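Scroll down for the structure; my scribbles are underneath it.
The values are calculated or read from the model by the stated rules, or taken from the named source; none is laboratory data. These figures come from a predicted structure and were not determined experimentally. In this analysis, Cβ positions are derived from the backbone assuming ideal geometry, glycine residues included, and neighbour counts consider all displayed protein chains. Areas reflect the complete protein model, heavy atoms only, side chains present, ligands, DNA and RNA absent. Shrake-Rupley method; radii C 1.70, N 1.55, O 1.52, S 1.80 Å.
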Amino acid sequence: MTFTAEESLVAAARGDQSAFAGFYDATAAAVHGTVLRVLRDPAQSEEVVQEVFLEAWRTAARFDPERGSAKGWVVTMAHRRAVDRVRAAQASSLREEKVGYQEVPPYDTVSEEVQVMLETDEVRRALSALTPLQREAIDLAYFGGRTHRQISDDLQVPLGTVKTRLRDGLIRLRDVMGVMAP
């Protein structure tokens with residue numbers, strides 16, 4: 001004997017598990033389709049469908065066949081759950097944006113900043129040991145982002161001269177800073 005979804009839900013409210021299985025069979029496709037249309041994520045949809053049927057089992061006694069169909073009751077419940085899941089995800093995303101998710105660096109930033117300042121001072125002192133022509137070529141190449149050809153054009157000197165100034169300046173920097181040659 002086959003029961004309607006309403007009869008199955010009323011029987012489930014009295015604790016009949018097999019009647020609830022019949023209710024599930026009669027409504028699962030509609031519930032899953034409704035949830036999937038709202039969430040668009042199959043994994044989350046499965047979770048929400050499970051939550052909906054658990055809630056339907058727990059609250060089956062609240063169903064009133066005079067007010068509507070069992071399928072309509074459970075599909076409405078499913079739609080509300082799915083919309084709640086979307087709203088919760090949006091609220092979480094907005095909270096993260098407002099608070100500004102800040103990852104704590106896994107190292108001591110103060111120590112790193114001090115190290116950078118010391119290295120910057122060392123480079124400045126080393127640059128002052130260069131000839132003005134070497135310093136100008138290095139400044140244009142490394143701090144100005146210019147190519148050798150652009151430096152040659154800017155300074156109106158042959159390309160070979162620019163390359164020599166850069167090579168000699170870098171060798172001098174290495175020696176002043178005490179860096180070992182590779």
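Taking 0.36 nm per residue of separation and subtracting the current Cα-Cα distance, fully stretching the chain between residue 59 and residue 161 would add 27.9 nm. A crude spin-label estimate for the pair residue 83 and residue 43, with each label 7 Å from Cα along the Cβ direction, gives 2.7 nm. If a spin label sat at a point 7 angstrom from the Cα of residue 69 along the line to its beta carbon, the backbone N atoms of segment 30-58 nearer than 17 Å would be those of 30-35.
Compute the relative contact order of the chain as a whole-number percentage, counting only Cα pairs closer than 8 Å that sit 6 or more residues apart in sequence. List each step's numbers first, then the result.
On the way: 129 pairs, mean separation 30.8, N = 182.
About 17 percent, as a whole number.
Using a probe of 1.4 Å on the protein chains alone, the accessible area found for residue 63 is around 20 Å². Ranked from largest to smallest solvent-accessible area, with a 1.4 Å probe on the protein heavy atoms, 24, 142 come out as 142, 24.
Take the alpha-carbon centre of segment 152-167, take the same for segment 13-67, and report the distance between them in whole Å. Cα centres, segment 152-167 to segment 13-67: 79 Å. Annotation: amide H-H contacts under 5 Å for residue 130 (H modelled 1.01 Å from N, sequence separation of 5 or more, or interchain): none. What longest region of the chain stays clear of trypsin sites (Lys or Arg not before Pro) that DSSP places outside H, G, I, E and B and that have at most 13 other Cβ atoms within 10 Å? After excluding every exposed loop site, the longest remaining stretch is 68-182. Rounded to the nearest 10 degrees, the angle from helix 159-177 to the longest Cα principal axis of the chain is 80 degrees.
A 1.4 Å probe, protein heavy atoms only, puts the accessible area of residue 175 near 100 Å².
Taking the chain as a Gaussian network of alpha-carbon nodes connected by springs under 10 Å, the highest mean-square fluctuation of the residues 56, 141, 28 belongs to 141.
Taking a quarter of the surface of the Cα convex hull of segment 29-155 gives a mean projected area of 16.3 nm². Rounded to whole numbers, the Karplus 3J(HN,Hα) couplings from phi for segment 82-99 are 5, 5, 4, 5, 5, 5, 5, 5, 5, 5, 5, 5, 5, 4, 5, 5, 5, 6 Hz, using 6.51 cos²θ - 1.76 cosθ + 1.60 with θ = phi - 60°, and x at Gly and Pro. For the chain, excluding the exposed loop sites themselves (GluC sites (Glu not before Pro), DSSP loop, at most 10 other Cβ atoms within 10 Å), the longest remaining stretch covers 104-182. With the simple model of a label 7 Å out from the Cα in the direction of the Cβ, residue 175 to residue 97 spans 5.9 nm.
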